[in-house]
Amino acid sequence: MTTLTAPPSRVCNVTGFVIDRNGQRLALANVVAGVVLLAFGGSLAILIALQRQGLPISDDWWYRLVASHGATMLLFWLLLFEVGALYWGSTMLLNARMRLPRLAWANFAMMVVGILMAQWAMLTGRATVMFTAYPPLTAHWAYYLGVLLFAVGVLVACILFFTNVLTARRERTYEGSLPLVVYGLVAAAVIALYSLLTGAVAYGLLFLQSVGVIENVDPATYRLFFWGIGHGAQQVNLAAMVAVWYALVGFTLGGRPVNEGLSRFAFLLLIAFIHLGAVHHLLVDPGLGTSHRIMNTSYLLYLAVLASLIHAFSIPAAMEVAQRERGYTQRLFTWLKKAPWREPGFSSLVLSIVYFGFIAGVTGVLMGTMQLNMLIHNTLFVVGHFHATVVSGTTLAFMGISYYLLPLLSQRRLVGVRMARWQPYVFAGGLVILTAAMLVAGQLGVPRRVADLEYSGSPIGVTLFETGPTPAIMLIVSIGALMAVAGGIMYVAVMVLTLLKGEHTDRPDAGLGFAFGTPERERRAAAQEEAAVATAQATLTAEAPTEDRRPRRWAKFEAPGTYVLVLGFLAWFVVMYLVAHLNLARAWPVG
Amino acid sequence: MASDDPNDGAPTGKGPGPAHHGDDTELSTLLPPRRRWWTALGPDERRWLTIAFVWCLILFTGMYVWMGIGDQQTPIESYRIEPDDFAAEVEAFVDEHQIGEREGAAVVAPPPGSDVFLQANQFAFRPVLQLERDETYRLLVSSTDVQHGLSLQPVNLNFQVLPGYLYVIEITPDRTGEFPIICNEYCGLGHHVMTGLIVVDGEEA
Ligand SMILES: [Cu+2]
């Protein structure tokens, strides 16, 4: 018996979950490493934005910064956070133990080494090939190897995740089926497996070429494999983000899935069809036939879009049902008005969903429409789109859940709750400005990844972007970027201060509006008591109780407010689809 | 958030740890569901699912419909070609149709309706093309070194250019003027000087 060391697990006073200490430490380490990289990538963003406004940075360095910013944010920050979330979901949420913790630590070390190798190559100018690394452009072998080590690390983490889940199942640490959040993480991990495998082929080929083992990598074949991960990784982000959305509904409102079956079905659709979307990136490439393009770009009849549309309903519906059960039953939107808008997890959740749906999702489907793709391929529109998906969508959702994960896992009080309350609004506000301006710029033809929009070094000059609205729009891009970075700094500050200065406590929910576990039971008991008093008073004064005043024809609806909201969203979608085709019709006839 | 509304749907929350649940209010997205979790869809869910699926089918057929009604279609025709062979074809094409020079680059006026070569390489598109308005040309595009992006401005039509692949892009300029081509696929440290030009002559509309 080990009496001298701390027990391998503890019971969380807030959630009631049994928390395995190995799982806790590993989840925390991966999340914190992710936050460090987020901070680094954010600093690069400042420089990239200021160069546009005249900060003297050489072209060479600007491209290095863009390359590193892309890899740091898209690969390292998001995937490290996701590995942390996988460890968290497969241990804490299942009351289960972390299997093979030593392997997990070695794996973590390997990922860190991979990151350092890739960053060294990028920042010393040995790998200015961008995240896409299209051959025949070549980089130093250390870049490819670094990214490969990192990717293999994520692959191993996914396998550890499945091992944890299977062990929990065998040891019966949870009853029946997996919680919906863990189910969503399973979807993310399955998508990660096949995405990372195709990515390993793509970068593996380039690595072999860089050390002279093979001579030539066919550029079109490479693109097919690369986008298996380039797009696939974004689908991992999507699935993980949806899982986090469900978790935030549970943490901030005490929500439950309105229909478990439907939400799970949507995750299945994602697993089955979303990888087809990788062809979005090849829509104006030579070498592919029409049916191939249409079948794949439509995710086979848009079945993966259907999955997103299901979640777009299910998650707000879960919020609405939870709020109505709390007594906000009156009008169509009283539940929304009375929602905890000051709770950082809730505001992050709502801003992330709204932004992901209205901007990211809609622009994504438009870009992925075969003929429309000609209008935006490689313009700043694409950059606007993916800042809407992975930054205001995924990153904001991850920030939101951090406000609960970090205190729960580190058993410390969140420091800077006031700053945390403002943070999602500042961050999302900056991103609204940034992405809207990028989308407009892309429509005007502004290309991505171009150091000098005045083309001052070209023999045949291009003055298109020096005059007209473009300079003003690029200024707005920079302002949005700086504001978003300010929101990012607030987030990093709260995280760092909590870890370094947060007071140790066994009730880390202090200061936060937790609506799950012990705090939720306490709240319900108090509400019941209050209700009892109110009923007694109402009997005395003969007041009629507040009734449900939603329109009669929606009486059978579980979430009438949500139904109206999603119809409004669909209307926006339809209008944008028509506008995009009007734009297409104005271009030269082409075919 | 404190509520000033009477809690009419007063939850009856009790029950011990998170792993147990009795009524609906003890369910959570974070906890295992009931044993039987496939339940019938509510009326709002059923309607939304139907509407959403119909919209997905419209999006899908939309691409085929546009193939029937639109003038702007994704080019499909493409061939494999060795970069050296392509460079030789471009050379021959320029020799045959060159009419002048502009900023050191050959200006070429191919006959209307003909095949027109356009070469992308680090860091220029060549030659400068002089086309007639409302005539259709088959642009034969490829790269002799790395990947590039052909971005025709301000028309804003964008295509990927790969070495080893010949992409046939049929265009019909429908307005006159000078139309710069910029490279919008990162192709090396001179990416931001990579430009080209199409001049469209003809009567003003
Ligand atoms: Cu280029």
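Quick note: the coordinates plus some simple rules give every number you see, no bench work behind them. Bear in mind that the values here come from a model prediction, so they are computed numbers and not experimental data. Don't worry about glycine lacking a Cβ; one is built from the backbone with ideal geometry, like all the others, and counts go over all protein chains shown.
Miscellaneous remarks
- For chain A, the membrane-span-like helix rule (DSSP H, alpha carbon extent of at least 24 Å along the helix axis, mean Kyte-Doolittle at least -1.0) picks out A:21-52, A:101-123, A:141-170, A:180-210, A:232-253, A:299-325, A:417-443, A:470-501, A:518-541, A:560-585; this says nothing about an actual membrane.
- Between A:N13 and B:I99, the simple spin-label model (points 7 angstrom out along Cα→Cβ) gives 8.5 nm.
- Dimensions of chain B from C-alpha coordinates, computed as largest minus smallest value along each principal axis and given longest first, are 87, 39, 38 Å.
- Each pair of Cα atoms in the stretch A:348-446 enters the Kirkwood radius, and Stokes-Einstein at 10 °C and 1.306 mPa s then converts it into a translational diffusion coefficient of 110 µm²/s.
- Only Lys, Arg (+1) and Asp, Glu (-1) charged, at Cβ; the stretch A:1-176 dipole about Cα centre in debye: 480
- Cβ crowding within 10 Å averaged over residues, with A:299-310, A:417-428 ranked highest first: A:299-310, A:417-428
- Low-density loop positions, GluC sites (Glu not before Pro), the stretch B:90-181 - DSSP coil, at most 15 other Cβ in 10 Å: B:E103
- Base-10 log of normalised Debye intensity for the stretch A:420-500 (one unit scatterer per alpha-carbon) at q = 0.11, 0.25 Å⁻¹: -0.41, -1.09
- Size descriptors for the protein assembly as shown, from the alpha-carbon set: Rg then Dmax equal 28.0, 102 Å.
- Cα-only Debye scattering, the stretch A:242-322: base-10 log of I(q)/I(0) at q = 0.14, 0.17, 0.19 Å⁻¹: -0.54, -0.68, -0.77
- Calculated on alpha-carbon atoms, Rg and Dmax of the stretch A:343-515 in Å: 19.5, 68
- Relative to the dominant Cα principal axis of chain B, helix B:83-97 is inclined by about 50°.
- Scattering from the stretch A:1-176 was approximated by placing one identical point on each alpha carbon and applying the Debye formula without solvent; log10 I(q)/I(0) at 0.19 1/Å stands at -1.13.
- Considering helices alone, the calculated mean residue ellipticity of chain A at 222 nm is -22000 deg cm²/dmol, with DSSP H runs of length four and up weighted by -39500 (n - 2.57) and normalised per residue.
- Neighbour-count order for B:H148, B:H97, fewest beta carbons within 10 angstrom listed first: B:H97, B:H148
- Mean residue ellipticity (222 nm) of chain B, computed from DSSP H runs ≥ 4 via -39,500 (n - 2.57), nearest 500: -7000 deg cm²/dmol
- When Rg and Dmax are taken over the Cα atoms of the stretch B:109-205, they come to 12.9, 40 Å.
- Order of A:D20, B:D85, A:D59 - criterion: other Cβ atoms within 10 Å of each residue's Cβ, fewest first: B:D85, A:D59, A:D20
- If R0 equals 56 Å, the separation of the Cβ atoms of A:L499 and A:A536 corresponds to a calculated FRET efficiency of about 0.70.
- Per residue, the convex hull spanned by the alpha carbons of the stretch A:178-231 comes to 68 Å³.
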